[in-house]
Every structure is written in C-alpha cells, then in structure tokens.
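Down below is the structure, laid out as structure tokens.
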Amino acid sequence: MYPFERFLRELKKKKVKNKAHVEASIVEAYIVEEIGWFTSHYFEPHVTCKRRRPSRNDDLTREHERIFRDIFNHPGRPSGALKKRYATGQERHMMETYVLCNSEVAAPYYESFLNELYKTYSPDDPLIDQLVTIDFVGWFKSRVESELQNIEDDLLRSLYWGPKQLVKTWPCYFVNGFNFHTEDHNVGKSK
C-alpha cells in the first residue's frame, strides 16, 4: 500500500464520523487534531499528551537515572514476567570474565595479566583469548586477595566476591528503540 493510500485510509476509517457529510467530518477531525497538537506545546511538562507519549519500544531510561559505573550504563528496561534462577558455574564464570575484562576498576589487573601472557606468547596468538577466558578470574582473585587489606575501592572488593548465584531473567528487553525477545519467549508464536 502506498503512503498516500495509507493516509486516505486513515482519514476514512478514523476521522469520518458522519457519513452523510464526509468532507465536513474529515475537516472537523483534522482541526481538532491540529488544535490538540499545537496547544500541547503550552501544557505543563508533567501533563501527558500525544506529542509527549513515548514510542512503543522506548526503553524509558533517562540520563540522570543511569547507574554511575561505566560497565553497567547500558540503557534499557526489561519487560515481561520476572523469573529467578541459579546461574550455572559456567554462566557465573562468563559473567565474572566479562565484567572484569571490561571494568575500568579492574583494568590495571587485566593489563598486568596480559603482560604476563605476552612474556610467553605472541600478542597475535589466538591462545591468549582462551587463556584470558579460562584463567583471568582465578588470577584476579588470587592477586586481589593478597592485597585485600590495602584496597579502599568498594567496587573492587565487590568484583573480588563475584556475582550472586541467584540471577533474574526477563523474556523481553527494550533498548535504543528496539525490542529483543529470548528464544524461549518466541516458542509457539507465529513468525
């Protein structure tokens, strides 16, 4: 359907209230819509109107609501039924590895670990990524444990303790105007 046909369909279906006077009905509805649009500029900020309504997949996060740490600053909001479950050992290890490799607080430790690997392996060696995935969490914990008495940063102490076993999951996530679903959420639904 062409955009103009879509526009005409919208006029016919949504704006025609009196079929005896179609043109007058369309004009009246158009005037009401325009008045509503232009007067909405003068409403108080807390008044909801069509112009201020968030889009369907808006993540509803604002800059001042974001968490102060860099790695957790991903905007978005979960949707659907919350489920709680225990993370497997492999999932927990992957969470720890991701957070430690991407956190500014753990960056000096990550660089130190890579420098130790570069003494044995070439920087281009693909084995380095595997060794980081397998060994970095244990190395980080042993290094921080030896320095634990002198560490002032609460986030670094929290990273040492690692994530909780109990995790929360949602079937949908809204971010940057897009809606993402898990594979389990889509089972039994038409494509």
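Throughout, read-outs are computed from the coordinates displayed, never taken from laboratory work. Please read all numbers here as calculations on a predicted model, not as lab measurements. In this analysis, Cβ positions are derived from the backbone assuming ideal geometry, glycine residues included, and neighbour counts consider all displayed protein chains.
Selection of first residues in segment 173-191 that are under 18 Å from LEU82 (Cβ atoms) and in contact (Cβ under 8 Å) with a residue 60 or more places away in the chain and of second residues that are loosely packed, with under 10 Cβ neighbours inside 10 Å and polar (S, T, N, Q), restricted to Cβ pairs under 7 Å at least 6 apart or on distinct chains, gives an empty result. Considering the conditions (1) over 21 Å from the mean Cα position of the chain (by Cα); (2) in a helix (DSSP H, G or I), PRO123 is excluded by exactly one of them, (2).
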